[in-house]
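Down below is the structure, laid out as structure tokens.
The values are calculated or read from the model by the stated rules, or taken from the named source; none is laboratory data. Because the structure is predicted, anything quoted here is derived from the model rather than measured. Reconstructed Cβ throughout: ideal geometry from the backbone, glycine too, with neighbour counts over all protein chains shown. SASA here: full protein model, heavy atoms, side chains in, ligands and nucleic acids out. Shrake-Rupley method; radii C 1.70, N 1.55, O 1.52, S 1.80 Å.
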Amino acid sequence: MQIYDVTVPVHPRMPVYPGDPPVVLEPRAQLSKGDPANVCYCGMGTHTGTHVDAPFHFIETGRKLHEIPLNIMVGRARVVEVTARKIDVDTLSRLDLGEHIRVLFKTRNSQLWQQETFNPDYVFITPEAAAKLVADGIKLVGIDYLSVEEYGSTTFATHIELLSNGVVILEGLDLRAVDAGDYELICLPLKLMDSDGAPARVILRG
Ligand SMILES: [Zn+2]
């Protein structure tokens, strides 16, 4: 069994979604300067890199990050490869998700991780496709860039459709090294209390 690390590295020069806080990771104590240990300060937005969105991200009364059940974020998942520029109902109609409740979309987005600046031209999920995923019983949706939403959306309809129906959103995956197929997903976001989201270490086993 192989382990695939589908987490993007967190560092100050990584791309972040426009308007989100930049990543700070810097030494506060250093052995080389006579301190008793090396200790870094780490600061970042809750939607940095590979991360989970909680319903509270867009819904004031929604579940907080620490309230999302682990049994949604851990378990069998299907990676599907999509070549389209957006994931719409037509795209979904050509996919076989079987009985899976977790789906990870591998798109050309994964290549965008080679760039240090944010690229708004990423593959997204339309609100209608989000509704179809909900209707099909999907409980976790993953995508390989920083948002499931079309860039520039002012309604955030895809997020709201998924989050208001209890679907966990996993954003910022790097699926370059992973083929389409079935895996065991292990997604463990930091246990930030009352948060709207949190960075996660995510691996696939298969
Ligand atoms: Zn997010």
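Can you give me the number of residues within region 74-88 that are under 18 Å from SER147 (Cα atoms) and either among the hydrophobic types (A, V, I, L, M, F, W, C) or in contact with a strand residue (DSSP E or B) (Cβ under 6 Å, 6 or more places away or on another chain) (or both)? Within region 74-88, residues that are under 18 Å from SER147 (Cα atoms) and either among the hydrophobic types (A, V, I, L, M, F, W, C) or in contact with a strand residue (DSSP E or B) (Cβ under 6 Å, 6 or more places away or on another chain) (or both) number 7. Against the numbered list (1) in contact (Cβ under 8 Å) with a residue 40 or more places away in the chain; (2) out of contact with any strand residue (DSSP E or B) (no Cβ under 9 Å at 6 or more places or on another chain), LEU163 comes up short only at (2).
Look through region 27-64, keep the residues that are more than 12 Å from the ligand (Cβ to nearest atom), out of contact with any Phe, Trp or Tyr (no Cβ under 6 Å at 6 or more places or on another chain) and assigned to a strand (DSSP E or B), and return whichever of them is nearest to THR158 (Cα to Cα). By that ranking, first place goes to GLY43.
Considered as a group, the residues in region 93-121 that are of a type in the set (A, V, I, L, M, F, W, C) and assigned to a loop (DSSP other than H, G, I, E, B) include one that is least open to solvent (accessible area, probe 1.4 Å), and that residue is LEU97. The conditions of being free of Cβ contacts under 8 Å to residues at least 12 places away in the same chain and either within 16 Å of the ligand (Cβ to nearest atom) or closer than 22 Å to PHE105 by Cα (or both) are met by GLY19. Given the criteria among the aliphatic types (A, V, I, L, M), modelled with pLDDT of 95 or more and in a loop (DSSP other than H, G, I, E, B), does MET14 qualify? Yes. Only a single criterion out of (1) within 19 Å of GLY166 (Cα to Cα); (2) of a type in the set (D, E, K, R); (3) surrounded by fewer than 21 Cβ atoms within 10 Å (Cβ to Cβ) is not satisfied by ASP53, namely (3).
Inspect all residues belonging to region 129-136 and state whether any of them is within 23 Å of GLY45 (Cα to Cα) and touching a Ser or Thr at 6+ places or on another chain (Cβ under 9 Å). Within region 129-136, none of the residues are within 23 Å of GLY45 (Cα to Cα) and touching a Ser or Thr at 6+ places or on another chain (Cβ under 9 Å).
Remark: ASP90 matches the filter, which requires a residue to be open to solvent by 20 Å² or more (accessible area, probe 1.4 Å), without any contact (Cβ under 8 Å) to a residue 12 or more places away in the chain and over 26 Å from MET14 (Cβ atoms).
The set of residues from region 3-37 being more than 26 Å from ARG176 (Cβ to Cβ) and surrounded by fewer than 11 Cβ atoms within 10 Å (Cβ to Cβ) comprises GLY19, GLU26, ARG28, SER32, LYS33, GLY34, PRO36, ALA37. The residue that is farthest from the ligand (Cβ to nearest atom), counting only those in region 183-195 that are in contact (Cβ under 8 Å) with a residue 24 or more places away in the chain and open to solvent by 40 Å² or more (accessible area, probe 1.4 Å), is GLU184.
Pairs are defined by a Cβ separation below 6 Å, a sequence spacing of at least 6 or placement on different chains, a first member in region 129-155 that is among the aliphatic types (A, V, I, L, M), and a second member that is within 12 Å of the ligand (Cβ to nearest atom) and open to solvent by 40 Å² or more (accessible area, probe 1.4 Å); the pairs so defined are LEU146/TYR17.
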